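The values are calculated or read from the model by the stated rules, or taken from the named source; none is laboratory data. Here the structure is a predicted model, which means the values were calculated and not measured. Positions of Cβ are backbone-derived with ideal geometry, glycine not excepted, and every protein chain shown enters the neighbour counts. Quick note on the areas: whole protein, heavy atoms, side chains included, nothing else; ligands and nucleic acids left out. Shrake-Rupley method; radii C 1.70, N 1.55, O 1.52, S 1.80 Å.
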Amino acid sequence: MNALASLIDKKMEPIKGLDTTTGANPSNNPDLLADPSGEKMRALIWHGKNDVRIVDSLKPKVVDHHDIVLKITGSTVCGSDMHLLHGAILEMESGDILGHECMGIVDSVGSSVTKLKVGDRVVAGFNIACGDCFMCKQKLSSACVRTNDSSLMNTMYGARGCGMLGYSHFTGGFAGGQAEYTRIPHGDANCIKVPDSVPDEEALYVSDILCTSFHQVADAGVKEGDIVGIWGCGAIGTMGAVWASLRGAKHIILVDNVQWRLDHIVQVIHRDYPQVKIETVNFNEHKNVQGRIMELTRPGVDGRDPTRPAGIDVGLECAAGEYAKGWAHKIEIAVGLETDTSEILNEIITSTVAYGTVAITGVYAGYTNHLNIGSLMQRGIRFIGNGQAPTHKYMQHIMDEYLVTGKIKPTRLFVSHRITLEDTAKCYHKFDTHDENVKMLKPFVETKFSSPASAGAPQLTAL
C-alpha cells in the first residue's frame, strides 16, 4: 500500500507555491541536505511494516534561509507513531527518520532567522508551517499550504494540511526528531524558547500531546457540568480527562481495553480533581459499550433531571481508525475496501445525547464504511474532526499559563519512563503491546546531548 501510494503521488501533478525543501533523511540526498562536515548521527528509521531501526545517518544542515538545525536533547514516542509502525499511514518509505515531537539546543540558523540564535533552548511543534500565509496568520498552522508537497493528500482530502516532522511523505516527507539532530524549517514560526525554570521533561510535551489534547477539549466545547466520554486512554486520553476536569466536567467515562491505562487516569483524576466523578468501561469485559454507558448515565443519576436522556454530552475519540474490532472491518481494511474502521465512531455517536458533540483527534487516514450517518443526522450530533492540532495557536499559551506556573506537570501525569535513543526501536514494540510489565504511557527519550534527569522525573530505564 505504501509503495503504491508513493508511486501514485510521484505520477501526479506537482504542488506549486511551496517555499520549503523536503527531505526525510539527509543520507538520501547528502549534497542537498547533509552537513558538509560529513558528521554522522544516530537516528531511528522506518525500514518497513513493523520494522524500525536505529542507524547511522548524516547530520542535517540548514538548507532554506528560514531553517534551523537542532541538537536534540529530548524526544518521545507517541501513539500516532504506532500507525507508522503498522504501515497504516500512506507514503512511508524505507529510511525515513521518525519522530514528530522533539526539543533541543539551536545548533545553526538560516540567514532569515531573527527570533532564535545558536545556543537557544527550544521546543519544536510537530507542525511545519510557514507562519506567514492566510491560515498561519489565524494561528491555524496545521492548515498551512506552503510546506507539504503531497499531491496525493491534496487529491484525497480536497486540500493539504501542513508538513509534519517525521510523519511520512503524505505530510511532506520531513526527517523527524528521534535522532541526535534534526532540521526545523521555518524555525522562527515553529519553535518557542524554553524558560530556564521548565525542565526538558516538562517542556518537551508542548510539541504535541499538550497542544493536541487541549485543542480537542476546547474545540469540542466541553463546559461545566458536562458528562464526557473518552475513547482511548493513553497520554492523550489522560490529558483529555485533565483538561475536561479543568473546564468543569462533572462526570468522565473512560473506554479502553487495557486495565492499567484505565486505572492510571482514575488515579490522576481522584488525586487532582476529586470533585469529578470518573468511571471506566473495559470493552473486553463490557462488549456492549454503548449499553454500559447508557446504564452509567441513566436518567436521574447524580441528581440530574430525570427527563434527561441517558448518554454523554461530549465524546472524545483519542484512539484511531486502524483498530478494528469485528471481522467485517478487519477484512475490509485488509483487502483495501476501507482504511479505517467506523466502529469506535459509531459507539461514540450512539452513546451521545441528542445535540451532543463527538470530537475526533485519533488518527483517521482515509475512508471508512458503515458510519451511522442516520443517528448523526437525525439526532443532531455535532461531529467534529479536530484536525491535526494547530501548534502555533497553543504552544506559547500552554508554556506560559500551565508549565511555567506548574499548574500542569507532565512528569506527574503521563511521563512514565526515560530511555536512551538507542532503545527507541525496542520502545516502539513495548509501547505498541501495552506491556503489563512495562506500563509505558509516554517516555522521555534522551540523547548524548541531554541533561541528567530533573527532580521528580523518571530515571533512566534499560529496555
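Results, tabulated for the structure shown:
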{"read-out": "Checking S197 against (1) closer than 25 Å to S454 by Cβ; (2) small (G, A, S); (3) in contact with a helix residue (DSSP H, G or I) (Cβ under 8 Å, 6 or more places away or on another chain), the condition it does not meet", "value": "(3)"}
{"read-out": "Residue check for V63: open to solvent by 30 Å² or more (accessible area, probe 1.4 Å) and in contact (Cβ under 8 Å) with a residue 40 or more places away in the chain", "value": "yes"}
{"read-out": "Qualifying residue in the stretch 27-42 (condition: buried (at least 21 other Cβ atoms within 10 Å of the Cβ), under 16 Å from G172 (Cα atoms) and touching a Leu at 6+ places or on another chain (Cβ under 9 Å))", "value": "yes"}
{"read-out": "Test: residue in the stretch 184-205 that is among the basic types (K, R) and either crowded, with 24+ Cβ neighbours inside 10 Å or closer than 15 Å to G110 by Cβ (or both)", "value": "no"}
{"read-out": "Boolean, L345 is closer than 17 Å to I230 by Cβ, touching a strand residue (DSSP E or B) at 6+ places or on another chain (Cβ under 6 Å) and modelled with pLDDT of 95 or more", "value": "no"}
{"read-out": "Given (1) within 17 Å of T391 (Cα to Cα); (2) touching a residue at least 60 places away in the same chain (Cβ under 8 Å); (3) open to solvent by 20 Å² or more (accessible area, probe 1.4 Å), index of the condition C162 fails", "value": "(3)"}
{"read-out": "Pick from the stretch 19-53, criterion within 24 Å of the chain's Cα centre (by Cα) and in a loop (DSSP other than H, G, I, E, B), ranking: nearest to F449 (Cα to Cα)", "value": "N25"}
{"read-out": "Single match in M135, M156 (criterion: under 29 Å from E332 (Cα atoms) and out of contact with any Pro (no Cβ under 7 Å at 6 or more places or on another chain))", "value": "M156"}
{"read-out": "From the options V289, V314, V266, V258, residue that is under 23 Å from the mean Cα position of the chain (by Cα), under 23 Å from A220 (Cα atoms) and in contact (Cβ under 8 Å) with a residue 40 or more places away in the chain", "value": "V314"}
{"read-out": "Strands (runs of 3 or more DSSP E) (entirely within the stretch 249-332) containing at least 1 residues that are open to solvent by 30 Å² or more (accessible area, probe 1.4 Å)", "value": "277-282, 312-317"}
{"read-out": "From the options I184, I192, residue that is in contact with a helix residue (DSSP H, G or I) (Cβ under 7 Å, 6 or more places away or on another chain), at pLDDT 95 or above, β-branched (V, I, T) and farther than 27 Å from G240 by Cβ", "value": "I184"}
{"read-out": "Which numbered condition G221 misses (of (1) out of contact with any Leu (no Cβ under 8 Å at 6 or more places or on another chain); (2) open to solvent by less than 20 Å² (accessible area, probe 1.4 Å))", "value": "(2)"}
{"read-out": "Pick from the stretch 294-324, criterion modelled with pLDDT of 95 or more and among the β-branched types (V, I, T), ranking: farthest from K277 (Cα to Cα)", "value": "T307"}
{"read-out": "Close pairs from the stretch 210-228: first touching a residue at least 12 places away in the same chain (Cβ under 8 Å), partner acidic (D, E), Cβ under 6 Å, at least 6 apart", "value": "D226/D313; I227/D313"}
{"read-out": "Extreme residue, surrounded by the fewest Cβ atoms within 10 Å (Cβ to Cβ), among residues of the stretch 374-407 that are among the aromatic types (F, W, Y) and closer than 20 Å to G125 by Cβ", "value": "Y402"}
{"read-out": "Which listed residue, of G356, G387, G374, is farther than 30 Å from A453 by Cβ and in a helix (DSSP H, G or I)", "value": "G374"}
{"read-out": "Residues within the stretch 100-131 that are more than 27 Å from P443 (Cβ to Cβ), of a type in the set (S, T, N, Q) and open to solvent by less than 20 Å² (accessible area, probe 1.4 Å), tallied", "value": "0"}
{"read-out": "Pairs where the first residue, in the stretch 441-463, is in a loop (DSSP other than H, G, I, E, B) and the second is open to solvent by less than 60 Å² (accessible area, probe 1.4 Å) and acidic (D, E), C-beta under 6 Å, 6+ apart", "value": "T447/E180; S454/E201; A457/E201; L463/D423"}
{"read-out": "Of all residues making up the stretch 133-149, the number that are farther than 24 Å from I209 by Cβ and touching a residue at least 12 places away in the same chain (Cβ under 8 Å)", "value": "4"}
